[in-house]
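J.: This is the structure I have questions about; it appears just below.
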Amino acid sequence: MSDREHRRQLSLNAFIYPAGHHEAAWRHPASAAERIYDASYYQEIARTAEAATLDAVFFADGPALQGDVAHNAVGRLEPITLLTAIAAATERIGLIATASTTYYEPYNLARLFGSLDHISGGRAGWNIVTTGNDAAAANFGLDAHPPHAERYARAREFVDAVIALWDSWEDDAVVLDREAGIYADASKIHEIGHAGEYVRVRGPFNQPRPPQGHPVLVQAGASNDGRAFAGRYAEAIFTAHQRLADAQAFYADIKARAASFGRRPEDVKILPGISPFIAGTETAARALEREFNELTVPAYGLLQLERITGASLNHLDLDAPVPPALFAGAGDVTDNGRSRLQVVAGIVERERPTVRGLLHRLAGARGHRVFAGTPEQVADTIEEWFRSNAADGFNVMPPYYPGGLTIFAEAVVPILRDRGLFRTEYTGHTLRDHFGLPRPTGRITASAVSA
């Protein structure tokens with residue numbers, strides 16, 4: 001194998017948001033908002049991503065109607081079900097869905113992702129969230145959303161239980177001896193007996209160990225609790241950064257936390273979001289971004305900003321500077337549970353935008369990095385962050401679907417390939433193969449149970 005083939009390679013996911021990541025995408029004629037409840041629409045998008053040999057498609061989700069549905073297409077299909085349909089229409093692309101440890105139970109979630117991994121031949125990934133939306137509580141008969149620290153305490157128990165369920169069948173438990181009449185060796189299928197403060201699961205699981213051992217574990221929290229959780233469990237981390245230096249600091253911190261848990265830092269992929277407006281010239285790309293921003297509805301943007309700040313903003317003059325006091329409680333970037341608030345506070349401090357200007361800054365990707373430029377310029381910024389230990393790859397967040405992904409796949413990916421940064425073909429079949437992650441060894445064996 002050549003030196004070029006041995007080089008560290010980018011990981012690239014297509015983060016699928018129904019009409020696109022810009023909040024006004026649904027209004028733009030380049031989007032396909034009328035198709036966002038059509039499974040074939042997502043199958044087509046996934047095939048575009050697969051043709052470009054991207055690592056995975058990824059769906060965010062939450063167990064409540066989030067956002068202002070009067071002014072944006074914020075409803076969505078349940079992602080694990082949708083990914084099963086995508087699995088049937090694709091062969092190699094990874095399939096990552098978000099699911100909450102606060103509003104699922106370990107056994108049914110383990111079954112959903114275990115089944116997706118079996119159905120897809122080892123392409124599943126679970127984006128682990130604790131849910132930050134207070135409105136979800138009422139949908140599950142709760143009077144209030146659990147506090148931040150309690151959600152993470154439950155999440156740790158929850159993930160331990162799910163992994164134990166996946167491991168409750170040893171890899172060689174299925175014998176399939178037709179002559180002897182033995183389907184499985186029952187001595188290699190184990191109860192897990194998980195009994196914690198928040199989660200109790202007896203087991204065993206009711207399906208064999210998933211093809212990948214367990215689906216790839218993904219996480220997106222950037223608070224102290226989120227970082228500690230990521231260092232212990234996450235194999236890929238989705239994050240939001242505006243500046244290279246901030247991304248480098250986050251990258252170093254997570255790699256160090258992983259090492260402190262006895263893990264190899266290279267087995268944790270750091271993947272910031274990037275939302276690129278791409279055109280033949282930088283002027284044309286910036287004009288395209290302005291075109292989308294002019295379609296925004298201020299009432300929608302203000303509601304999104306209120307959710308981030310926790311303050312009412314309807315009294316603000318859209319064309320006056322953002323009041324600095326609005327972000328006085330953001331806290332230090334390394335010591336606060338409200339990481340997205342800190343990202344927005346940083347934009348306000350550096351750029352001193354008007355309220356309308358801030359709404360436009362956030363309209364593109366909710367605090368993720370928006371970049372307008374030529375295919376070469378997009379490739380340049382991806383390469384800079386990759387080579388500067390700010391990222392192992394990116395969650396690509398097209399401002400509009402399906403065309404925003406198509407132009408990235410057809411114009412940017414070939415440049416990254418020419419620079420030796422990205423694969424020209426898949427070399428494996430599982431999501432772990434694409435990310436370069438090892439298949440985990442089962443933790444539960446007969447000897448471990450007896451001990």
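Coordinate-derived values only; no laboratory data. Bear in mind that the values here come from a model prediction, so they are computed numbers and not experimental data. Counting neighbours? That spans all protein chains shown, and the Cβs are built from the backbone with ideal geometry, glycine included.
J.: If you wrap a convex hull around the alpha carbons of region 77-168, what volume per residue comes out, as a whole number of Å³?
T.: Hull volume normalised by residue count: 95 Å³.
J.: May I ask you to compute the full-extension gain from Ala259 to Arg307, defined as 0.36 nm times their residue separation minus their alpha-carbon distance, rounded to one decimal in nm?
T.: 13.8 nm
J.: Sorted by packing (mean other beta-carbon atoms within 10 Å per residue), highest first, where do 243-255, 164-176 land?
T.: 164-176, 243-255
J.: Compute the distance in nm between two label points, each set 7 Å from the Cα along the Cα-to-Cβ direction, one at Glu34 and one at Glu376.
T.: Roughly 3.9 nm, to one decimal.
J.: Using a cut-off of 12 Å between beta-carbons, work out the net charge of the residues near Asn293 (Lys and Arg +1, Asp and Glu -1, Asn293 not included).
T.: Cβ neighbours under 12 Å give a net charge of +1.
J.: A further question on this structure: From the alpha carbon gyration tensor of region 203-269, can you work out the equivalent ellipsoid semi-axes (sqrt of 5 times each eigenvalue) and give them in Å, largest to smallest?
T.: 27, 12, 11
J.: For region 239-315, what class follows from the C-alpha gyration tensor (a ≥ b ≥ c being the square roots of its eigenvalues): rounded when a/c is under 1.5, otherwise prolate if a/b is larger than b/c, else oblate?
T.: oblate
J.: Provide, in order from the shortest bin, the percent of all Cα-Cα pairs of region 118-202 in each 10 Å bin, continuing until the bin that contains the maximum pair distance.
T.: All Cα pairs considered, the percentages come to 14, 30, 30, 16, 8, 2.
J.: May I ask you to derive the FRET efficiency for Ile119 and Ala284 from their Cβ-Cβ distance with R0 = 45 Å, giving the value to the nearest 0.05?
T.: Details: r = 42 Å, r/R0 = 0.94.
Using R0 = 45 Å, I get an efficiency of 0.60.
J.: Compute the distance in nm between two label points, each set 7 Å from the Cα along the Cα-to-Cβ direction, one at Val174 and one at Ala320.
T.: Result for the modelled spin labels: 6.6 nm.
J.: If you don't mind, another one. List Leu362, Leu295, Leu316 from most exposed to least, where exposure is judged by having the fewest other Cβ atoms within 10 Å.
T.: Leu295, Leu316, Leu362
J.: So what are region 254-394's ellipsoid semi-axes, whole angstrom, largest first, if each one is the square root of 5 times an eigenvalue of the alpha-carbon gyration tensor?
T.: 29, 24, 11
J.: Hey, how much of the P(r) for region 12-149 falls beyond 23 Å, as a percent of Cα pairs?
T.: Here the tail beyond 23 Å accounts for 38 percent of pairs.
J.: While we're here: Under a plain spin-label model, where a point goes 7 Å from the Cα along Cα-to-Cβ, how far apart in nm are Glu351 and Ala184?
T.: Roughly 5.3 nm, to one decimal.
J.: To continue, here is another question. How large is the helix-only mean residue ellipticity at 222 nm for the chain, computed as the sum of -39500 (n - 2.57) over DSSP H runs with n ≥ 4, divided by its residue count, in deg cm²/dmol to the nearest 500? Could the numbers behind the result be given before it?
T.: On the way: 16 runs with 169 residues, N = 451.
Counting only the DSSP helices, I get -11000 deg cm²/dmol.
J.: Once R0 is set to 30 Å, what does the formula 1/(1 + (r/R0)^6) return for the Cβ-Cβ distance between Ala245 and Arg8, expressed as a FRET efficiency to the nearest 0.05?
T.: About 0.90, to the nearest 0.05.
J.: If you don't mind, there's one more thing I want to ask. Give me P(r) over the chain, computed from all C-alpha to C-alpha distances, binned every 10 Å, as integer percentages.
T.: Going from the shortest bin to the longest, the percentages are 4, 20, 31, 27, 12, 4, 1, 0, 0.
J.: Sticking with this one: Kyte-Doolittle cut-off -0.5, length cut-off 20 Å along the helix's own axis using Cα: show which whole DSSP H helices in the chain pass.
T.: Details: long enough: 106-120 (21 Å, 0.06); 148-166 (27 Å, -0.05); 244-260 (24 Å, 0.16).
Span-like helices here: 106-120, 148-166, 244-260.
J.: Excluding Asp267 itself, what net charge comes from residues whose Cβ is under 12 Å from its Cβ, given Lys and Arg +1 and Asp and Glu -1? Working shown, then result.
T.: Values: positive: Lys255, Arg263, Arg264, Lys269, Arg432, Arg439; negative: Glu235, Glu266, Asp392.
After counting each charged neighbour, the total is +3.
J.: Quick check on the chain: of the DSSP beta bridges with both residues there, what percent are antiparallel, nearest 5%? Please list the in-between numbers first.
T.: On the way: 7 of 42 bridges.
Percent antiparallel among DSSP bridges in the chain is about 15.
J.: Within region 134-176, whose backbone N sits under 20 Å from a point 7 Å along Cα→Cβ of Arg111?
T.: Residues 140, 158-170 qualify, since their backbone N sits under 20 Å from the label point.
J.: Of the peptides 125-132, 302-309, how do they stack up when ordered by the mean number of other Cβ atoms within 10 Å, highest first?
T.: Highest to lowest by the protection proxy: 125-132, 302-309.
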